[in-house]
Amino acid sequence: MRSAGYFSRTMLVVGLLFLYAPILSLIVFSFNNSRLVTVWDAAHSPTLKWYGVLLTNGQILEAAWLSIRIALIAATAASVLGTLAGMALARLGAFRGRGLLLGMTTAPIVMPEVITGLALLLLYVALEQAIGWPHGTGPVTIALAHITFCIAYVTVVVQSRLVGFDESLEEAAMDLGASPATVFRRITLPLIAPAILAGWMLAFTLSWDDLVITQFVAGPGSSTLPMVVFSKVRFGVSPDVNALATLMVLLVSVGMVVSAIFMHYRERRRERDVQRAAAANA
Amino acid sequence: MAQLVSPAGRRLVAGIPIAWLSALFLIPFLIVLKLSFSEVRLAIPPYAPLFVLRHGVPVPQLHLSNYTFLLTDPLYARALAYSVQVAALSTIVCLLLGYPMAYAIARSSPTRRSVLLMLVMLPFWTSFLLRVYAWIGLLKSDGVINNVLLALGLVHQPLALLQTDFSVYIGIVYSYLPFMVLPLYANLEKHDLTLLEAAADLGARPVTRFTRITLPQSVPGIAAGSLLVFIPAVGEYIVPSLLGRTDQLMIGRVLSDEFFENRDWPIASAVAIVMLVLLVAPILLLQRFERRELASQELLAQQPEAGS
């Protein structure tokens, strides 16, 4: 393996510092006593005061609960629809509508969010005029919008996993008399399960974090967490938002480390199984 | 595989996602297009119907006034030009910073590589909004950067960093850097390193090896990364709202203001259509064309192997 030169390694360090300096400063100042987020009050810090403020703020808690419910629904529905789309693109060969499906699962990833949000709201308004549903906007219209933009991400992840392994396993099972349903349940699904899980987590994160599309389709009554945070920080800094950010960074870090360890052991077990199978055959 | 699933099953597997995305992604754009030819009206919803019944016959009422207005008021052209400029320069900076980062990750040992990749992914998994918010605390006049500069005696008055072009560039480069690094890494990791060794054996110097071998092979990665940064950055709303100038809006903010503040839905729709026609569609078509070309190249490259 040829190692990278000094220049690229230096740039990597610079880039990582650039990525992490703001996050570190968010974390540090979440323990600051002063209301002025950027002036360190050495006499009374570190303190957990802003975590208390955050966790007793009813508006934030309510918004977080709404965001969690929407993200759970959006990620789950998008995983089902995205898996179907990924399977169609990777396994069905040429079919009528393939180009359409490919376009509709690629475009949302790069589409500026203001355009997607505007388009979805206009759809809801036109539907309400035509058939009387949805009656105004709220959690349901937010969830439908989130499912729609999350499908594309799940599709990409599942499709690339399916393209990565060949169809001979599925064909062998078919030759041995397994029905399509059995092949899917016993062969395809276990193989793409990690990709579906990764797609689900990606969709959950994107739904949980979305502000721009949500603002268009939320209506006056329902506020998700990003909407509440945005209205708080729009006119300056707010230390309880630092506390919220710290909790989220902590959660994501723990999640990533746990999933990395899990993947590592899975890989190790798979290697052992392969070795054992080779030994048994010899 | 074609025979693996029954025709009914095939129709369901492809049909369900196509139906969903047509209803909630494709048709909405047609409604935006329709509305962009409508007229604003003080009503709920605030636009005039496109078809008016005259003697029982629906007559279309197409207005081009929204588009002529976009052309006559310089606000829109200026916002669009500014957005393209910000997005283009941010994409270039992301590329200049992200390419060496991706290169260093792709050429490090496997254990270190997964740790480094995780470090690049982690900010991407944490909230976009909160990461942009972090820069307010760093850049404000009594923020961390100014405090450090003042304490070191490098400046005597706080620098105006927030709500400038500088802060917009910082915010966009910062938010979109992982989108550049990841596709570049995916590309660089697949390169065949024996080519570089062969070139070195034949006496090519490092710079030549890079420009003649590594760089041409990474064009698909550069294209994918630039696409993932440039198009969303043109329509970016959060970064300019929190860090940007108040005297020069970006086009995403203009669209949103027309919609929410002025309640002029037809103009907002016309802005969306202009963005789509001028920016998104040409770039996506270009990318599609390029991908088809690359796919055919890959097929050609694989043929001798399959024959042997």
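So what are the ³J(HN,Hα) numbers for the range A:93-109, from phi and the Karplus equation (6.51, -1.76, 1.60; θ = phi - 60°), rounded to whole Hz, Gly and Pro as x?
Residue by residue, the range A:93-109 yields x, 8, 9, 5, x, 5, x, 4, 5, 4, x, 6, 9, 9, 4, x, 5 Hz.
Over what distance in Å are the Cα centres of the range A:42-58 and the range A:69-88 separated?
38 Å
Quick check: net charge around B:Met101, other residues with Cβ under 15 Å of its Cβ, Lys/Arg +1 and Asp/Glu -1?
+3
Give me the distance in nm between label points sitting 7 Å out from Cα along the Cα-to-Cβ direction at B:Val148 and B:Arg78, one decimal.
3.5 nm
Run lengths n ≥ 4 of DSSP H only: what is the helix-derived mean residue ellipticity at 222 nm for chain A, with -39500 (n - 2.57) per run over all residues, to the nearest 500?
When only DSSP H runs of four or more count, the value is -26000 deg cm²/dmol.
Going by average Cβ neighbours within 10 Å, how do the peptides A:147-154, A:248-255, B:35-42 rank, with the highest at the top?
Top of the packing list down: A:147-154, B:35-42, A:248-255.
Quick check on chain B: helices-only [θ] at 222 nm, where DSSP H runs of length 4 and up contribute -39,500 (n - 2.57) each and the sum goes over total residues. Nearest 500, please.
Counting only the DSSP helices, I get -21500 deg cm²/dmol.
Mind sorting A:Phe165, A:Phe31 by how few other Cβ atoms lie within 10 Å of their own Cβ, fewest first?
Placing the least packed residue first, the sequence is A:Phe165, A:Phe31.
Hey, fewest Cβ within 10 Å first, where do B:Val57, A:Val125, B:Val271 land in order?
With the fewest neighbours first, B:Val57, A:Val125, B:Val271 line up as B:Val57, A:Val125, B:Val271.
Could you pull out every whole DSSP H run in chain B that spans at least 18 Å of Cα extent along its own axis and averages -1.0 or higher on the Kyte-Doolittle scale?
B:7-21, B:74-106, B:110-125, B:165-188, B:219-234, B:281-307
List the aspartates and glutamates whose Cα lies under 17 Å from the Cα of B:Lys190, skipping any in the same chain that are fewer than 8 positions away.
B:Glu298
What average number of partner chain Cβ atoms lie no more than 10 Å from the Cβ of the residues making up B:139-147?
Taking the mean over all residues of the peptide, I get 4.
If R₀ is 35 angstrom, what is the calculated FRET efficiency for the pair B:Ala200 and B:Arg112, using the beta carbon separation as r and rounding to 0.05?
0.90
Among the aspartates and glutamates, select those whose C-alpha is under 13 Å from the C-alpha of A:Lys232, and discard any that sit fewer than 8 residues away in the same chain.
Counting by Cα, and skipping residues close in sequence, A:Lys232 has these aspartates and glutamates nearby: A:Asp240.
Estimate the FRET efficiency between B:Arg54 and A:Leu100 by the formula 1/(1 + (r/R0)^6), using the beta-carbon distance for r and 35 Å for R0, to the nearest 0.05.
After rounding to 0.05, the efficiency reads 0.45.
Once amide H atoms are built 1.01 Å from N in the peptide plane, which residues 5 or more positions from B:Tyr47, or in another chain, come under 5 Å H to H?
B:Arg41
Ordered by residue, what ³J(HN,Hα) values in Hz, to whole numbers, does the range A:137-145 give under the Karplus form 6.51 cos²θ - 1.76 cosθ + 1.60, where θ = phi - 60° and Gly and Pro are x?
10, x, x, 5, 5, 5, 4, 4, 5
Which whole-number percentage describes the relative contact order of chain A, with Cα contacts under 8 Å and a sequence gap of 6 or more?
29 percent
Can you sort A:His264, B:His55 by how many other beta carbons sit within 10 Å, fewest first?
B:His55, A:His264
Here, each number is a calculation from the coordinates, and none is a lab measurement. Model, not experiment: these values are computed from the prediction. All Cβ positions, glycine included, derive from the backbone under ideal geometry; neighbour counts span all protein chains shown.
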